[in-house]
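Take a look at the structure below.
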């Protein structure tokens, strides 16, 4: 039985959950980007169906991304019209395809795991912080805005939490608490956990709508108004529906600023996608690996199609991907199903979708955030040692208080520092042994000795005692950087003579043949 057949039921369940999560995010990101609301839906549908079919990733879910909102908002203003911006989206997709063809996706192999862990944990914390206001009925900030400084209010994430308390809506709080209770029950009650065909998130949405409809029918002050509900565009006719699509104005393709925007989108979207792919592979219970070059080809194709139809640029998105994995998604069936559901829902039941309280969806996202940033993650990283924990925690703080790319960049710098520091210590082993002939010092080189180890080896050789015996052992070494080879040569021909040091070389490969002096013996 193939994986798709084996996991079909759980994948459909996960697809429903991802659909419920993606719907307000598509709208919120479009709103935050200064684009038509329907543009976010177009991007979500294409990201689910087209990219889902073309990608080799079994778990990642693509769609409009929060990390691109600032770029899109500025680009639309700079280029003068949304139709001109769409030209840049199409070109960005073409650039991504080119990046995939030249194998640029392999850069993802160099993202340290502690930084990826920190990024995932930070996203979990951000989700919690951003959804708490929605959970209590304070919906000033758009869904999908994951920046620390909020665009709508100018406040930051923490100050928004304080403001939210002053504008709390009791009806929203009731629905959030009921929703959380349902989700916890579906995670812990054995009978409910076995109901694979009934996602807890779907039950939450149905119950939330029914509760609010009851509040409205009874004239209660707890009733939640439209400003706190999903707000999907509702076309009055087929012409209105068709009018929601925009076409790119290719007459503007020769403008240099269009190409600059295209390159910017391509680079940022590709980096965010590669980060998400690494994260999804790390979260994958089946421990599969994604062809990142194929992913860039899929993303590029998706962005070309999205730009041609009037949609936003897309990336692989961590929030949707995490929702997919945590809901039981195991193959790309879940991703494709979420895209199909988005399409069908927009075409057939927009009025019903507009009855969903944002508080319901906030509860679903709060649970996802908690799973990403659970205390067990911090305990695990702490036990992994300081070289893992410090870059991890710095990445967490940096992502939370800046944004995804800046935070990851800071985490990478810190991680590289610790990697270099560890390499300096692990590149060779310095051992002293006492023999009756005198002192013998053994320097045993590691499997790989890079130029980064040159300074430490140089310092060791400079501090060797005079008239000593030294053994440099490369028996287990597969690679020695040219600079290090030259350093050892210089020590043999000059440094060892000056200090009357007897040197023996052991295990060096033929390609590292040295010009030995009379002071040197070779074994």
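For the chain, the longest principal axis of the alpha carbon atoms and the long axis of helix 332-348 meet at an angle near 30°.
Between residue 247 and residue 191, the contour length at 0.36 nm per residue exceeds the alpha carbon distance by 15.1 nm.
Highest mean first, the peptides 469-476, 317-324, 52-59 sorted by other C-beta atoms within 10 Å per residue fall in the order 317-324, 52-59, 469-476. Based on C-alpha pairs under 8 angstrom that are at least 6 apart in sequence, the chain has a relative contact order of 26 percent. Based on Cα contacts under 8 Å between residues 6+ apart, the range 347-423 shows a relative contact order of 19 percent.
Legend: calculated FRET efficiency, residue 239 to residue 156, from the Cβ-Cβ distance at R0 = 56 Å, rounded to 0.05, equals 0.85.
Note on 384, 231: ascending count of other Cβ atoms within 10 Å places them as 384, 231, the fewest first. Each residue, residue 455 and residue 165, gets one label point 7 Å from its Cα in the Cβ direction; the gap between the two is 4.8 nm. Quick check: residue separation of residue 370 and residue 504 times 0.36 nm, minus the Cα distance between them. What number comes out in nm? Gain on extension, residue 370 to residue 504, equals 42.4 nm.
Angle of helix 256-283 to the longest C-alpha principal axis of the chain, folded into 0 to 90 degrees and rounded to 10: 80°. Extension gain, residue 384 to residue 440, is 16.6 nm, computed as 0.36 nm per intervening residue step minus the present C-alpha separation. Could you tell me the center-to-center distance, by alpha carbons, between the range 308-373 and the range 463-488 in angstrom? Each part's Cα centre sits 57 Å from the other's.
Take the Cβ atoms of residue 294 and residue 466, set R0 to 60 Å, and the FRET efficiency comes out at 0.50.
For the Cα atoms of the chain, what angle does the longest principal axis make with the long axis of helix 170-188, in degrees from 0 to 90, nearest 10? Result, in degrees: 60.
Quick note: the coordinates plus some simple rules give every number you see, no bench work behind them. All figures in this text were calculated on a predicted structure; none of them were measured in a lab. Neighbour counts are summed over all protein chains in view; Cβ atoms, including those assigned to glycine, are modelled from backbone coordinates with ideal geometry.
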